[in-house]
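Visitor: Here it is: the structure, laid out below.
Each value in this text was obtained by applying a stated rule to the coordinates, not by laboratory testing. Predicted, not measured: the structure shown is a model, and the values here were computed from it. When we count neighbours, we look across all protein chains shown, and the Cβ atoms used for this are built from the backbone with ideal geometry, even at glycine.
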Amino acid sequence: MHIHLSEAMSKLDAVKEYPVSLGFHVFSSKLGDYPIVSCEPIVVAITCTDDKHLMIKTKVNLTMEIPCDRCLEPVNVLFDFDVEKEVDMNLTAEERAQGLDELSYIEDYDLDVDMLIRNELFVHMPVKVLCREDCKGICKKCGANLNNGTCGCDVTELDPRMAVIRDIFKNANQ
């Protein structure tokens, strides 16, 4: 969704609200594609605080499905955050980009709300997602989810320092 900012700059200190709907249903990053399960309505409030100085505010409340880092089961993760950006439209796009990050979501007098929210989601992405604190993960051999029970694989970990001795016994038995 794009909002043309010239209308918001027409009246000083007047708050102009724009109800918008999220223009994407999947959040894509280098780590993967995560479906957005639910999203509350978004209202972008833009205030012209001074000559071509804008305050952009919105509240984001959405739920995204992200796989558990241990067992890969889908986990619904809630994102609830406020966005507040101050923009000086007197500056050129290059000058705004040097000072902040507006270049990616403001072009000329158009505000790309989807890009603004995407950028904020990158910042708010959790480092680790777990389905539960005591998640056991998956079996290294067969890939079974160990939260559902044991898989029966031999999980004996051999000491790698003993590899030479194992090789001697293995060659002696052949």
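Visitor: Which one of Arg118, Arg132, Arg161 has the biggest mean-square fluctuation once the chain is modelled by GNM with Cα springs under 10 Å?
Guide: Looking only at Arg118, Arg132, Arg161, the largest GNM fluctuation is found for Arg161.
Visitor: Also, I was wondering about something else. In a GNM of the chain with a 10 Å cut-off on Cα contacts, which of Leu31, Leu12, Leu158 has the highest mean-square fluctuation?
Guide: For the chain, modelled as a Gaussian network with Cα springs under 10 Å, the answer is Leu158.
Visitor: Give the separation of the Cα centroids, segment 114-174 to segment 18-59, in Å.
Guide: Centre-to-centre (Cα) distance: 37 Å.
Visitor: What Kirkwood hydrodynamic radius, in Å, does segment 1-71 give when the mean of 1/r is taken over all pairs of distinct Cα atoms and then inverted?
Guide: 14.4
Visitor: Can you run phi through the Karplus equation (6.51, -1.76, 1.60; θ = phi - 60°) for segment 73-90 and list ³J(HN,Hα) in whole Hz, with x for Gly and Pro?
Guide: 6, x, 10, 7, 10, 8, 10, 9, 8, 9, 10, 9, 10, 9, 10, 9, 6, 6
Visitor: Helix 163-172 sits at what angle to the longest principal axis of the chain, using alpha carbons and giving 0 to 90 degrees rounded to 10?
Guide: Helix 163-172 sits at roughly 40 degrees to that axis.
Visitor: Can you pull the Kirkwood radius for the chain, inverse mean 1/r over Cα pairs, to one decimal in Å?
Guide: It works out to 20.2 Å.
Visitor: Under 5 Å between amide H atoms, partner at least 5 residues away or on a different chain: which partners does Val37 have, H built in plane at 1.01 Å?
Guide: Distant-sequence amide H within range of Val37: Thr63, Met64, Glu65.
Visitor: Might you report the magnitude of the Cβ-based charge dipole of the chain about its Cα centre, with Lys and Arg at +1 and Asp and Glu at -1, to the nearest 20 debye?
Guide: In debye, rounded to 20, the chain gives about 1300.
Visitor: Given Cα pairs under 8 Å that are at least 6 residues apart, what percent is the relative contact order of the chain?
Guide: Relative contact order, the chain: 18 percent.
Visitor: Would you mind checking which residues have amide H under 5 Å from Glu107's amide H? H placed 1.01 Å from N; only 5 or more apart, or other chain.
Guide: Under 5 Å from the amide H of Glu107: Asp112.
Visitor: GNM, the chain, Cα, under 10 Å: largest mean-square fluctuation among Pro160, Pro74, Pro19?
Guide: Per the Cα network of the chain with a 10 Å cutoff, Pro160 tops the list.
Visitor: Student exercise: in segment 1-136, how many lysine pairs 8 or more apart or on different chains have Cα atoms under 14 Å apart?
Guide: The result is 5.
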